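Below: the structure, in structure tokens.
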Amino acid sequence: MKKKYTVTDRLITRITGWIAGIIVLALAAWGVATLWGYYVYEQTNDAQVQEYVNPVIARAGGFIVAVKFEENQHVKKGDTLLVIDNREYVLQQEQTEASIRKAEAQLRVLESNIHTLGQSAQSARSKVSATKAEVWKQQLDYDRYQQLYREESATQQQLEHVKATLDVYTSDYQAAQDNYEAAASRIADIEAEKYVVSAEIARLKSLLNRHKLDVSYTVVTAAYNGRMGRRTVETGQMIDAGETLAFIVNDETDKWVVANYKETQVAGMEIGDSVKVIADAYPGREFRGTIISFSPATGSSFSLLPPDNSTGNYVKIVQRVPVRIRIDGERKFIDVLKVGMNVNVYIRKRQHRG
């Protein structure tokens, strides 16, 4: 029997044919566009958005008394992030200040002693001059009596009396010189002590500056404008110096993309080339960038265990070369790109550059 088709069957067949034709055309257009893209651009999807993400580190240990930020919060340079109990550091600072005051008082006492000994030395010096004159006068008398004794105009007793007086004056002169030298020596000793105390004051002042730094470290502030990341601390927590307390993303620097291109793709790339970037999160938006540098080595060379081809088990594998690309545009436009996002990077081949 002859098979008959209804109107509905013919309509379904026609619609199916149109749909199949549209699908074929769409696949053909997609294939042509894809092939054209591979022909015109060096492409890679092995790329991520990068930005400076720095840890917030406490330079002083202690109990946290206040946390002034929340995760994902925008902060400005100088904003207080954390406050650490500073009482121990303040006590150390006050102790050092007291030690400085004590040393300065000792220095003033030594200066006073130097002044007193200086006057004593001056008096001893005057005494030396006076006794020297007495010795000189008595020596003249002694010489004269010796001459008189030889001429038998003076007695032995008179000569011995004059000689005894000369010996007394000579002894007084020597004692005066010894006193003057002792006073001068004591002044030199105190000057040395003064130098030691001055050095101690300088050391204590340096220590005081360190204690002041420690006190300032108990208030942790934002080093630049940015956005806070993961927070790992809470009020009342005990922390150590050098401990990572949070993370901050720097808003004052550029965003960039690190695109890991195959070594066979980088021959035609140059610093300054324009780049097209499309993020997986925003497939409908196109970002522009500029190549700013090439890695000095392949990615595998920076790994913990870089490959060693001298062992004899060499297998040739195409290596990846990290290419750093700065994202261009206004900050508010590119802020939608977050650190770690996957992107697709397109760099026009040399022969297709306009």
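How many of the residues in segment 48-88 are more than 18 Å from THR232 (Cβ to Cβ), in a strand (DSSP E or B) and not β-branched (Val, Ile, Thr)?
Quick first cut of segment 48-88, residues more than 18 Å from THR232 (Cβ to Cβ) only: 48-52, 74, 76-79, 85-88.
From the residues that got through so far, the ones that are in a strand (DSSP E or B) too are 48-50, 74.
Applying the additional criterion that residues be not β-branched (Val, Ile, Thr) yields 48, 50, 74.
Residues flagged as more than 18 Å from THR232 (Cβ to Cβ), in a strand (DSSP E or B) and not β-branched (Val, Ile, Thr) within segment 48-88 amount to 3.
Please list, ordered by first then second residue, the pairs with beta carbon atoms under 9 Å, 6 or more apart or interchain, first in segment 256-284 and in the same structural domain as ILE334 (by TED's automatic domain parsing) and within 14 Å of SER295 (Cβ to Cβ), second assigned to a helix (DSSP H, G or I) and at pLDDT below 90.
The qualifying pairs are ASN260/GLY299; MET269/ARG350.
Filtering segment 1-34 down to residues that are among the β-branched types (Val, Ile, Thr) and farther than 30 Å from ASN344 by Cα, which residue is modelled with the lowest pLDDT?
First, the residues of segment 1-34 that are among the β-branched types (Val, Ile, Thr): 6-8, 12-13, 15-16, 19, 22-24, 32, 34.
When the remaining residues are screened for being farther than 30 Å from ASN344 by Cα, the result is 6-8, 12-13, 15-16, 19.
On the way: THR6: 72, VAL7: 67, THR8: 74, ILE12: 79, THR13: 79, ILE15: 84, THR16: 86, ILE19: 88.
Residue satisfying both the conditions and the ranking: VAL7.
Kindly check whether there is at least one residue in segment 116-126 that is more than 30 Å from TYR169 (Cβ to Cβ) and in contact with a Lys or Arg (Cβ under 6 Å, 6 or more places away or on another chain).
Taking segment 116-126 first, the residues more than 30 Å from TYR169 (Cβ to Cβ) are none.
No: segment 116-126 contains no residue that is more than 30 Å from TYR169 (Cβ to Cβ) and in contact with a Lys or Arg (Cβ under 6 Å, 6 or more places away or on another chain).
With closer than 30 Å to GLU263 by Cβ and either assigned to a helix (DSSP H, G or I) or assigned by TED's automatic domain parsing to the domain that holds LEU213 (or both) as the only criterion, which of ALA20, ALA26, ALA33 stands out? Write out each step before concluding.
Numbers: ALA20 fails: closer than 30 Å to GLU263 by Cβ; ALA26 fails: closer than 30 Å to GLU263 by Cβ.
Testing whether each residue is closer than 30 Å to GLU263 by Cβ and either assigned to a helix (DSSP H, G or I) or assigned by TED's automatic domain parsing to the domain that holds LEU213 (or both) leaves just ALA33.
Of the numbered conditions (1) surrounded by 14 or more Cβ atoms within 10 Å (Cβ to Cβ); (2) out of contact with any Pro (no Cβ under 8 Å at 6 or more places or on another chain), GLY236 satisfies every one except a single condition; which is it?
Going through (1) surrounded by 14 or more Cβ atoms within 10 Å (Cβ to Cβ); (2) out of contact with any Pro (no Cβ under 8 Å at 6 or more places or on another chain) one by one, GLY236 breaks only (1).
Hey, can you tell me all the residues within segment 194-211 that are touching a residue at least 60 places away in the same chain (Cβ under 8 Å) and either surrounded by fewer than 16 Cβ atoms within 10 Å (Cβ to Cβ) or in contact with a Phe, Trp or Tyr (Cβ under 6 Å, 6 or more places away or on another chain) (or both)?
At the first step, the residues of segment 194-211 found to be touching a residue at least 60 places away in the same chain (Cβ under 8 Å) are 194, 197-198, 200-201, 204-205, 207-208, 211.
Passing the criteria: SER198, LYS205.
Can you tell which of GLU193, GLU152, GLU181 is more than 30 Å from THR244 (Cβ to Cβ) and at pLDDT below 70?
Details: GLU193 fails: at pLDDT below 70; GLU181 fails: at pLDDT below 70.
Testing whether each residue is more than 30 Å from THR244 (Cβ to Cβ) and at pLDDT below 70 leaves just GLU152.
The values are calculated or read from the model by the stated rules, or taken from the named source; none is laboratory data. Only a predicted model underlies this, so the values are computations on that prediction, with no experimental measurement involved. Methodologically, a virtual Cβ is constructed for each residue, glycine included, from the backbone with ideal geometry; neighbour enumeration extends over all protein chains shown.
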